[in-house]
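The block underneath contains the structure these notes are about, expressed in structure tokens.
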Amino acid sequence: MGTRREWRRVLIAVGIICSAAAIAYLLHKNQWYAKMSIISSHTSIDQQQQQLRENALVKVRSVGNFTNRVAAFNAFLTSLRLEELTKRGKDAWHGPTSRRLEVLWGYRDDYLQLLSNYTNVMTVALLWLTDNQSSPHAWSSLQDHSNLLIQTYYEWSADDTIFSWIETPGKTKLRFDAMYNRTCNRNMNDTVRPVSVEPVFLNAKPLYAGHYWPNNGSSYPERFYTSAPPYVFHMHIY
């Protein structure tokens, strides 16, 4: 009986050791595959983006629908973060040492161009995909699944008081007239008909006298009403 019990204990111990070894092997294997997957993803993304770096502006050019493009954008940010952490090593992050404060207004038309002069700031932008076969005037959000999360939009309407502010420039400091190009739609039937979003809603910037005041504050530049923006969105990394 004693011999059998001892053999049982030995077999149980061997089984536990083998199971633990198998689990450790699988965990190590999965971690290795995950690490290799991250390295492979980082390498392919990095090689792709090297061709799109312009000074401090990095243009992420991915294809597919909007959610897939955002996922690719986030994957690139992850690779960029790993690259930066590798460069820094164990050094702690230090805040800016300069006491001089420089303000660069984000609604300037040359904002990104001027920002590229500051080498300590990197801008990562998701490019707006365009169909080279069609003119900008042929673009429609109704068929654009690459640059927008929502494709269908509707016309708006309001009462005569709001219309009087829009159709008569200078009656309000909120500049509704500039946003809507001093035009209104009084046809209520149009508010239930799906339409493409107007480019001005994608390009619009805050209007401030003394800072950004195109056409004396009466309207945006013409391209704001006719062309899509160059980027879906962008973010700055300091």
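The values are calculated or read from the model by the stated rules, or taken from the named source; none is laboratory data. These numbers were taken from a predicted model, which means no experiment stands behind them. No Cβ is skipped: glycine too gets one built from the backbone with ideal geometry, and neighbour counts run over all protein chains shown.
So that you can scan it fast, the table gives a plain yes or no per residue for (1) in contact with a His (Cβ under 9 Å, 6 or more places away or on another chain); (2) touching a residue at least 40 places away in the same chain (Cβ under 8 Å); (3) surrounded by fewer than 14 Cβ atoms within 10 Å (Cβ to Cβ); (4) assigned to a loop (DSSP other than H, G, I, E, B):
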residue: T183; (1), (2), (3), (4): no, no, yes, yes
residue: N189; (1), (2), (3), (4): no, no, yes, no
residue: V197; (1), (2), (3), (4): no, yes, no, yes
residue: N215; (1), (2), (3), (4): no, no, yes, no
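Of all residues in region 211-230, which are over 26 Å from the mean Cα position of the chain (by Cα) and within 17 Å of Y111 (Cα to Cα)?
W213, P214
Table: residues versus (1) of a type in the set (F, W, Y); (2) assigned to a loop (DSSP other than H, G, I, E, B); (3) at pLDDT 85 or above.
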position	(1), (2), (3)
S98	no, yes, no
Q133	no, yes, no
H137	no, no, no
L142	no, no, yes
H145	no, yes, yes
F163	yes, no, no
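Would you confirm whether any residue within region 64-79 is in contact (Cβ under 8 Å) with a residue 40 or more places away in the chain, more than 30 Å from L207 (Cβ to Cβ) and not in a helix (DSSP H, G or I)?
Looking through region 64-79, at least one residue is in contact (Cβ under 8 Å) with a residue 40 or more places away in the chain, more than 30 Å from L207 (Cβ to Cβ) and not in a helix (DSSP H, G or I).
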